[in-house]
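Down below is the structure, laid out as structure tokens.
The values are calculated or read from the model by the stated rules, or taken from the named source; none is laboratory data. If you're wondering where the values come from, they're calculated on a predicted model, not measured in any experiment. As a convention, Cβ positions derive from the backbone with ideal geometry for all residues, glycine included, and neighbour counts pool all protein chains shown. The accessibility values were calculated without ligands, DNA or RNA, using every heavy atom of the protein model including side chains. Shrake-Rupley method; radii C 1.70, N 1.55, O 1.52, S 1.80 Å.
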Amino acid sequence: IRDEESGYNKNLFCIPKHYEDDLERVFIPHGLILDRTERLARDIMQDMGSHHIVALCVLKGGYKFFADLLDHIKALNQNGDKSVPVTVDFVRIKSYC
């Protein structure tokens, strides 16, 4: 996102009531995030070729993105010419420092 980017008017989106007063604008719409996540899954599948994928999720903040990414990888695995084994694991980190 460029510094001069003004985002989208929040009235263009369905915002939960408890966020309405705290939110001024939407910078990245959910659909764009999903599209980029799908693209990342395609890039991972292409880069990994037929190698085993080990997916590691950092718990608490990353689980939703991780689940969406794995859903896209699973769909590509089921609908593609080849099936790549995927192992999933989770790690909990006490501090990011």
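In deg cm²/dmol, rounded to 500, what helix-only [θ] at 222 nm does the chain give when every DSSP H run of at least 4 residues adds -39500 (n - 2.57) and the total is split over its residues?
Taking each H run of at least 4 residues, the total per residue is -13000 deg cm²/dmol.
When all protein chains stay in place, what accessible area (Å², nearest 10, 1.4 Å probe) is found for H72?
50
Treating the beta-carbon of each Lys and Arg as +1 and of each Asp and Glu as -1, no other charges, what is the dipole magnitude of segment 8-97 about its Cα centre, to the nearest 20 debye?
Dipole size: approximately 200 debye.
From largest accessible area down, sort S6, S50; use a 1.4 Å probe on the protein chains.
On the way: S6 70, S50 90 Å².
Per-residue accessible area, sorted high to low, gives S50, S6.
Could you order D89, D68, D22 so the one with the most accessible surface comes first? Probe is 1.4 Å. Write out the running numbers ahead of the final one.
Working: D89 90, D68 25, D22 125 Å².
Solvent-accessible surface, decreasing: D22, D89, D68.
Percent relative contact order of segment 29-92, based on C-alpha pairs within less than 8 angstrom and at least six residues apart? Write out the running numbers ahead of the final one.
Numbers: 58 pairs, mean separation 30.6, N = 64.
Relative contact order, segment 29-92: 48 percent.
Under 14 Å between alpha carbons, and skipping anything fewer than 8 positions from K60 in its own chain: which aspartates and glutamates qualify?
D89
At a 1.4 Å probe radius, which order do R25, R39, R92 fall into by accessible area, largest first?
R92, R39, R25
Taking the chain as a Gaussian network, Cα atoms linked when under 10 Å apart, which of K17, K60, K82 shows the biggest mean-square fluctuation?
K17
Going down the table (K17/K74; K10/K64; K10/K74), which pairs top 28 Å between alpha carbons?
K17/K74; K10/K74
Could you tell me whether segment 29-92 comes out rounded, prolate or oblate from its Cα gyration tensor? Rule is a ≥ b ≥ c as square roots of the eigenvalues, rounded for a/c under 1.5, then prolate if a/b exceeds b/c, otherwise oblate.
Because a/c hits 1.5 or more and a/b fails to exceed b/c, segment 29-92 counts as oblate.
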